[in-house]
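Quick notes on the structure that follows.
The values are calculated or read from the model by the stated rules, or taken from the named source; none is laboratory data. Keep in mind it's a predicted model, so treat the numbers as computed, not measured. We place every Cβ from the backbone using ideal geometry, glycine too, and count neighbours over all the protein chains shown.
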Amino acid sequence: MRMVCLDLEGVLVPEIWIEFAERTGIPELRRTTRDEPDYDKLMAGRLAILRQRGLGLAAIQDVIAAMGPLPGARDFLDALRGDCEVIILSDTFYEFAKPLMRQLGLPTLFCHSLEVDADGMLAGYRLRMPNQKQEAVKRFRELNFHVVAAGDSYNDTAMLGEAHRGILFRPPESVVREFPRFPVTLGYGELRREIDRAFLEA
């Protein structure tokens, strides 16, 4: 049985926090784990900014829905799902991703959850589990799936290493230098060829 595990942001959709910051004109929300390695501190800061600006979940989802997938992502995903099992493994939140998932044809998504208060404001978040991308791939392998994984950044490399074949998609140069063992792809056609090659060589 063949399975492909894909990261979401940077592979199928824009980086949500960066795009959201651009669309709302709130530059402080451009901060990512590259700027602040302490995820709890990063998220606490993000939630505080949203509360200060009076941005509740509904307003955030409206902005995210207007982003849309990356060009070509839907066609790539539809074709891939026709040939093998596909799971999206992401460190985003269901409440953020839902508008984009509808535009991608509702693929299966494993990610995290937000806590929303009675006024519709974001009050906190719940991680599914630590290292959920890597752990999911490990479990799929235990279920006798041959797993190919693709992602674009540092937080994907454990998943790529756990898969039978890991592939980088449009990664920053720093990731390429640090993880030279993963092949680099720059477009969906190239990514699909690398996935097909991985299954042929299995």
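For the stretch 168-176, does any single residue satisfy the condition of being modelled with pLDDT of 95 or more and closer than 23 Å to L50 by Cβ? The answer is no; no qualifying residue exists.
Pairing each residue of the stretch 100-118 that is over 17 Å from A58 (Cβ atoms) and without any contact (Cβ under 8 Å) to a residue 24 or more places away in the chain with any residue that is part of a strand (DSSP E or B) and among the basic types (K, R), provided the two are 6+ apart or on different chains, yields C-beta distances under 7 Å for H112/R126.
State yes or no: is L29 buried (at least 16 other Cβ atoms within 10 Å of the Cβ) and either touching a Lys or Arg at 6+ places or on another chain (Cβ under 9 Å) or among the aromatic types (F, W, Y) (or both)?
On the way: buried (at least 16 other Cβ atoms within 10 Å of the Cβ): yes; either touching a Lys or Arg at 6+ places or on another chain (Cβ under 9 Å) or among the aromatic types (F, W, Y) (or both): yes.
When the stated conditions are applied, L29 passes them.
Would you check if L122 is in contact with a Lys or Arg (Cβ under 9 Å, 6 or more places away or on another chain) and in the same structural domain as L89 (by TED's automatic domain parsing)?
Values: in contact with a Lys or Arg (Cβ under 9 Å, 6 or more places away or on another chain): yes; in the same structural domain as L89 (by TED's automatic domain parsing): yes.
Criteria met by L122.
With respect to A79, is the statement that it is closer than 25 Å to R193 by Cβ, surrounded by fewer than 12 Cβ atoms within 10 Å (Cβ to Cβ) and in contact (Cβ under 8 Å) with a residue 60 or more places away in the chain true?
Values: closer than 25 Å to R193 by Cβ: yes; surrounded by fewer than 12 Cβ atoms within 10 Å (Cβ to Cβ): yes; in contact (Cβ under 8 Å) with a residue 60 or more places away in the chain: yes.
It is true that A79 is closer than 25 Å to R193 by Cβ, surrounded by fewer than 12 Cβ atoms within 10 Å (Cβ to Cβ) and in contact (Cβ under 8 Å) with a residue 60 or more places away in the chain.
Within the stretch 87-108, the set of residues being within 21 Å of F140 (Cβ to Cβ) and buried (at least 18 other Cβ atoms within 10 Å of the Cβ) comprises I87, I88, L89, S90, D91, T92, A97, M101, L104. Scanning the stretch 147-168 for residues that are part of a loop (DSSP other than H, G, I, E, B) and either in contact with a strand residue (DSSP E or B) (Cβ under 6 Å, 6 or more places away or on another chain) or β-branched (V, I, T) (or both) returns D152, A163, H164. Of the residues making up the stretch 136-157, just one is free of Cβ contacts under 8 Å to residues at least 40 places away in the same chain and buried (at least 17 other Cβ atoms within 10 Å of the Cβ), namely T157. Does P171 satisfy the criteria of being in a loop (DSSP other than H, G, I, E, B), without any contact (Cβ under 8 Å) to a residue 40 or more places away in the chain and more than 21 Å from T32 (Cβ to Cβ)? Answer is no for this residue. Within the option set E9, E28, E36, being touching a helix residue (DSSP H, G or I) at 6+ places or on another chain (Cβ under 8 Å) and assigned by TED's automatic domain parsing to the domain that holds R126 holds for one residue only, E9.
Counting the residues of the stretch 34-43 that are exposed (fewer than 14 other Cβ atoms within 10 Å of the Cβ) and not in a helix (DSSP H, G or I) gives 4. Where strands (runs of 3 or more DSSP E) sit wholly within the stretch 44-146, those with at least 1 residues that are modelled with pLDDT of 95 or more and touching a Leu at 6+ places or on another chain (Cβ under 7 Å) occupy 85-93, 108-116.
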